[in-house]
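J.: Structure in structure tokens, see below.
The values are calculated or read from the model by the stated rules, or taken from the named source; none is laboratory data. The shown structure was predicted, so the numbers you read here are calculated from the model rather than taken from an experiment. Ideal geometry is used to build each Cβ from the backbone, glycine not excepted, and the neighbour counts take in all protein chains shown.
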Protein chains: 4
Amino acid sequence: MTAVPAHRAAWRDRWQTIIFGHDTPAGRRFDVLLIIVVLCSIVVVVLESLPDLPPGQRRGLMAAEWIITILFTVEYGMRLATARTPARYATSFFGIVDLLAILPTYLSLFFPGAQALGVVRGIRVLRVFRIFKLGEYIVESETLGRALYASRRKILVFLSAVVALVVVVGAAMYLIEGAESGFTSIPISMYWAVVTLTTVGYGDIAPQTPAGRMLASLVMILGYGIIAVPTGIVSAEIARAGRAAACRNCGVQQHDADARYCKRCGEPLSASAPPGSP
Amino acid sequence: MTAVPAHRAAWRDRWQTIIFGHDTPAGRRFDVLLIIVVLCSIVVVVLESLPDLPPGQRRGLMAAEWIITILFTVEYGMRLATARTPARYATSFFGIVDLLAILPTYLSLFFPGAQALGVVRGIRVLRVFRIFKLGEYIVESETLGRALYASRRKILVFLSAVVALVVVVGAAMYLIEGAESGFTSIPISMYWAVVTLTTVGYGDIAPQTPAGRMLASLVMILGYGIIAVPTGIVSAEIARAGRAAACRNCGVQQHDADARYCKRCGEPLSASAPPGSP
Amino acid sequence: MTAVPAHRAAWRDRWQTIIFGHDTPAGRRFDVLLIIVVLCSIVVVVLESLPDLPPGQRRGLMAAEWIITILFTVEYGMRLATARTPARYATSFFGIVDLLAILPTYLSLFFPGAQALGVVRGIRVLRVFRIFKLGEYIVESETLGRALYASRRKILVFLSAVVALVVVVGAAMYLIEGAESGFTSIPISMYWAVVTLTTVGYGDIAPQTPAGRMLASLVMILGYGIIAVPTGIVSAEIARAGRAAACRNCGVQQHDADARYCKRCGEPLSASAPPGSP
Amino acid sequence: MTAVPAHRAAWRDRWQTIIFGHDTPAGRRFDVLLIIVVLCSIVVVVLESLPDLPPGQRRGLMAAEWIITILFTVEYGMRLATARTPARYATSFFGIVDLLAILPTYLSLFFPGAQALGVVRGIRVLRVFRIFKLGEYIVESETLGRALYASRRKILVFLSAVVALVVVVGAAMYLIEGAESGFTSIPISMYWAVVTLTTVGYGDIAPQTPAGRMLASLVMILGYGIIAVPTGIVSAEIARAGRAAACRNCGVQQHDADARYCKRCGEPLSASAPPGSP
């Protein structure tokens, strides 16, 4: 009876390498195939929402939807079967995403329209993102991420100020304009304040009274100035992050991107070290 | 009769510590409670403005409004009673805010809708903002504030230019478009100019004639360039403020990020001091 | 007969000092009075355009308009009479502005509505702008102006690209959308392209067809990226202009705003020299 | 028979110098004439699209269109005839553009309206752009181009994030709002998401439900923060590109503005060399 587990283990190992690995040719082919199917499934979900599809095309899309869902279900079962510890996989981030990727279609049997939730499958692309030679892009996105992370406190302070301003301006416009101009409640006035401060300006709600227009003008010019703040924060951080490459000897960070020697102590900077590495 | 004042003084002292202080456990609990009640009162004010509330919920919100107002009134009385110099408290910034926090509800007995003014209670949050370990956020907001303060003259020059532009463009559009397109007066045309220059663009007033659209296009492209100016100002200031590390000898702040010696007096700069520390 | 010219010369000299000068108390009082009257006249012009004024107020504003115009006419005559060379004054920039300031009211006798042109009087404020202690603001506006001037070529290149994009996108949308969606001609499509690229987005003209919306989405994302370019240009120039203070010995310009010694040659920098002076 | 080819060669050489060259007076005159005709042809195409032209003017414009097209056709024939290797010219970038410049008018005989494609002629301006003393502008546009090229990866990472956000937000709004508010399909909801994230905000589609407006507010504030990212990227790159002064020994470009020696190899940098010179 030991031969059967050995046989099963070999079967599991081979498929585990294909499904979870990125290093073998078969594993790569599987990854590329998966990325294509995921992108196709998103296109199918988007197209299916079109209201005036001819019945033939709609049936075709539904068939594609179900084929993709069954493929994903099989793949999810295979992952569960071949994972070293199925329970840990099922509760991991990608395990949950893989489950969420197949649920919407089954749910749509009971709740029509639920398949639109299928766009969540897009997260699956992240899993195999790293198989391509995208290293440089990952460095860049890390640079962007680090710049945003470094300015998280400034951004929070800024967002609190914006929220406070939205509440105060919303209440003021509700009092000034009233229901005739569409400012029927403070939440709707706050929605208007967000639409205005961010310079989106739909125009579905707009002040009509002279006093309201005067206040709105002030809010707009303020919003014009406020738009400068996050831009300034992120600009300064990106400029700083772009220069970061720490010296291993003295720890100085503000070297230019192409510097070869530490400008303080002369220690050679390792060119291959990722910027910002400790 | 001296015992009674002594008893009263002890009573006052204990409550003063609780109400005004932030250091004792009781004082902290009071602060946290106050912040929660303030946030609740704002939510109540916002919800109360909804026009289509069921009568039951509206009565519930009005009850909550009155309970909070009575709590705030009691608290205001306690502050007056326990403050060292009640007159100075009553005329201080926070004394006036505390009074303004309870007035709107009483006013709403005579002027329906006045309770919307209650959003002014939000300012009360500032009072207890510092009890949390928010020191780093305060440093950040001070950095932002300093950046804005340092560029106040540039911003004023910029705003004057914008106001002048708004007046001239508003008058020109009033002459070109006239009342048929909604440009019924110069103030309304100026409102349109603000809406356009800030790229909000509601669309409730929009040019209809070829000449008006040509001028509007110019104004938009100008506004596109103008948006760059405050952003540039604030970016430059934030980048500069971020590099600030004061010299302990002479107090100069504008050193480069990698400077080791004060550029004015030669004092070594301590590298470990957090930027912006006094 | 020589006494009369001498008498006239003394009279002219005294009034010339008052009207053209800024150094005597009388001259200063005249300047302050002039600035107030100019600002009043702009307010009058703006208010006069309101369509639903009661006849009484309209008559009052018209009276104010005529009184201000007569005052300006007298002042213009005085300036002509007391100027050293009246012809040169009449053809100077401010001479023409002073004439333009009084013409609209007289024109409104023949062309109703012409008085709206009176906002041109705002330029007169510039004349006496310098009498106040506004030196620091002038330095700031010169810094801003220098930053814009230094980046004039980048801005021109950028504007040419925007204009080319507007023409191409306008023609494409005209072909794709056609008259049903409001894209009735290429100029109107170009107007739409400007409204969209600058993120103003009135919504009076908007694409309706799937192809048009797809192209519009591309244009918007492009415009989103394009908005970064002028901001980047101006940011970089303001950051640079803020640091400019040339060394008199070696000519290096990129000193920090508070540097006291040239960082290249050690020459003391004159703190009082306006930044950017040769 | 050898005399005839020699004669033809001389004729071809002379015309080749005029048509393709920029150095002789005749060649320059040809270039200037060509640029004027190209600009005229664009104006004609734009004007022709106006729907309410009097028949006389429309006929005039059509005549101008045909005259210009025949001129361009003759010029295209001359270029083919005088080019050293006609096949290589015909398949070169400018050869194809020259052909595309004449096709729309001929196509309009069969497909009315096709002449609007004639705006593609604008690309022809690029050909003779360099004949003017525009060297400095070309340097500036190269600086801008280099700044954009250097940040291409950051921009791509950013664009991918925006596209992912647009898909997710579009699907969510489609589920929340539904067809009553105009969110009739996911593609239309994605179009709305682009219009909102880029702060264009037409208002032709806008959320009506409280949940939809809450999500929209979040998206707007997010978009407000997101607008900071490309601006920060381009600002940092332009600031860096502006400092570029290449070392003549090793070619390194990213020196600080006040560096005197190359930071990589120690070669003195020539201070007088224009930035960006090879």
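J.: Suppose we filter B:Tyr137, B:Tyr89, B:Tyr106, B:Tyr174 for residues that are modelled with pLDDT under 75, in contact with a helix residue (DSSP H, G or I) (Cβ under 9 Å, 6 or more places away or on another chain) and outside any loop (DSSP other than H, G, I, E, B); which single one remains?
T.: Answer to the check: B:Tyr137.
J.: A follow-up question, please. Determine which single condition A:Asp256 fails, assuming it passes every other condition in (1) in a loop (DSSP other than H, G, I, E, B); (2) among the acidic types (Asp, Glu); (3) modelled with pLDDT of 50 or more.
T.: (3)
J.: A further question on this structure: Looking at (1) over 25 Å from B:Ala150 (Cα atoms); (2) at pLDDT below 90; (3) in a helix (DSSP H, G or I); (4) more than 8 Å from chain C (Cβ to nearest Cβ), which is the only condition B:Val168 fails?
T.: Here B:Val168 clears every test but (4).
J.: Restricting to region C:211-225, and then to whatever is within 7 Å of chain D (Cβ to nearest Cβ) and modelled with pLDDT of 90 or more, can you tell me which residue is farthest from D:Gly201 (Cα to Cα)?
T.: C:Arg213
J.: Could you give me the residue pairs with C-beta distances under 8 Å whose first residue belongs to region C:38-65 and is without any contact (Cβ under 8 Å) to a residue 12 or more places away in the chain, whose second residue is among the small types (Gly, Ala, Ser) wherever it lies, and which are 6+ apart or on separate chains?
T.: Qualifying pairs under 8 Å: C:Leu50/B:Ser185; C:Pro51/B:Ala179; C:Pro51/B:Ser185.
J.: Moving on to the next point. Identify all residues within region A:68-90 that are free of Cβ contacts under 8 Å to residues at least 24 places away in the same chain and surrounded by 14 or more Cβ atoms within 10 Å (Cβ to Cβ); write none if there are none.
T.: Once the filter is applied, which keeps residues that are free of Cβ contacts under 8 Å to residues at least 24 places away in the same chain and surrounded by 14 or more Cβ atoms within 10 Å (Cβ to Cβ), region A:68-90 yields A:Leu80, A:Tyr89, A:Ala90.
J.: What tally of residues in region D:29-47 results from selecting those that are within 18 Å of D:Phe94 (Cα to Cα) and among the charged types (D, E, K, R)?
T.: 1
J.: Name the residues in region D:20-37 that are charged (D, E, K, R) and free of Cβ contacts under 8 Å to residues at least 60 places away in the same chain, would you?
T.: Matches in region D:20-37: D:Asp23, D:Arg29.
J.: Still on this structure, please answer the following. Among the residues of region C:148-164, write down those that are under 17 Å from C:Thr198 (Cα atoms) and more than 10 Å from chain D (Cβ to nearest Cβ).
T.: Passing the criteria: C:Leu159, C:Val162.
J.: Among the candidates C:Thr143, C:Thr196, single out the residue that is more than 12 Å from chain D (Cβ to nearest Cβ), in a helix (DSSP H, G or I) and β-branched (Val, Ile, Thr).
T.: C:Thr143 is the lone residue from the list that is more than 12 Å from chain D (Cβ to nearest Cβ), in a helix (DSSP H, G or I) and β-branched (Val, Ile, Thr).
J.: Sticking with this structure for a sec: Spot the failing condition for D:Tyr202; the list is (1) buried (at least 18 other Cβ atoms within 10 Å of the Cβ); (2) within 13 Å of chain C (Cβ to nearest Cβ); (3) modelled with pLDDT under 90, and only one is missed.
T.: (3)
J.: Looking at region B:151-160, which of its residues are without any contact (Cβ under 8 Å) to a residue 40 or more places away in the chain, surrounded by 14 or more Cβ atoms within 10 Å (Cβ to Cβ) and of a type outside the set (Val, Ile, Thr)?
T.: B:Arg153, B:Leu159, B:Ser160
J.: Continuing with this model, one more query. Among (1) modelled with pLDDT of 80 or more; (2) surrounded by fewer than 17 Cβ atoms within 10 Å (Cβ to Cβ), which single condition is A:Pro268 missing?
T.: Every listed condition holds for A:Pro268 apart from (1).
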